[in-house]
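Below is one structure, written out as structure tokens; comments come after it.
Taken together, the values in this text are just the output of simple stated rules run on the coordinates, not laboratory data. On a predicted model such as this, the values are computed, not experimentally measured, just so you know. All Cβ positions, even for glycine, are placed from backbone atoms using ideal geometry, and neighbour counts span all protein chains on display.
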Amino acid sequence: MFNSRLSNRRSERRYSLLIRCCLILVAVLISLGITTPSIGQYSVSAIGTVDFVPPEFQLGQELYLENCATCHIPIPPSVLPRQTWQQILQDSQHYGTQIEPLVDPARLLVWNYLRHFSRSMTVAEEGIPFRIERSRFFRALHPRVEFTEPINIHNCQTCHPGASDYNFRLLTPEWEDSP
């Protein structure tokens with residue numbers, strides 16, 4: 001009995017030492033730039049979009065991009081509140097243009113994606129913003145930006161050159177190192 005306990009302790013120590021060594025090795029490789037941090041199978045630099053999208057929301061994101069990015073720059077869900085997205089998905093009048101609304105199951109997949117990556121707001125206090133310039137979430141994401149032109153989705157590429165490819169992490173040189 002005593003020998004088996006001693007053997008178990010030794011095994012636990014070896015295992016613990018092995019784990020520590022692996023963690024140290026990974027930290028050294030990252031600090032040397034030999035590997036990049038990743039989320040799942042994607043490196044952080046390759047994600048491009050604002051957020052990493054887990055597999056269960058990827059089809060919803062693809063449908064969102066397929067249906068929205070064909071006419072305009074796709075807006076990240078976090079820029080507008082959940083209530084705005086809900087209204088946009090239900091309305092066939094889309095900013096002065098008649099569109100064919102999505103139908104289930106595609107609508108539900110897109111809604112799950114948008115709902116997961118947007119935030120709710122208290123409508124009674126503010127009203128639902130249907131333009132990004134009226135969204136406090138947009139302003140919160142751009143705290144130190146002084147806009148010289150009216151804000152609209154067509155001038156996102158001024159600072160985000162990858163916006164048309166849904167890459168809002170890529171910034172122009174003057175914004176790359178900004179806090």
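Three semi-axes describe the equivalent ellipsoid of the stretch 46-176; taken as square roots of 5 times the Cα gyration tensor eigenvalues and ordered largest first, they are 23, 18, 15 Å. Qualifying GluC sites (Glu not before Pro) in the stretch 112-179, where qualification requires a DSSP coil assignment and no more than 15 other C-beta atoms within 10 Å, comprise Glu146. For the stretch 115-179, the dipole from Cβ point charges (+1 on Lys and Arg, -1 on Asp and Glu) about the Cα centre works out to 360 debye, to the nearest 20.
When only C-alpha pairs under 8 Å and at least 6 residues apart count, what is the relative contact order of the stretch 98-177, in percent? So the answer I get is 14 percent. Among the trypsin sites (Lys or Arg not before Pro) within the stretch 128-159, those in coil by DSSP and having at most 14 neighbouring Cβ atoms inside 10 Å are Arg131, Arg144.
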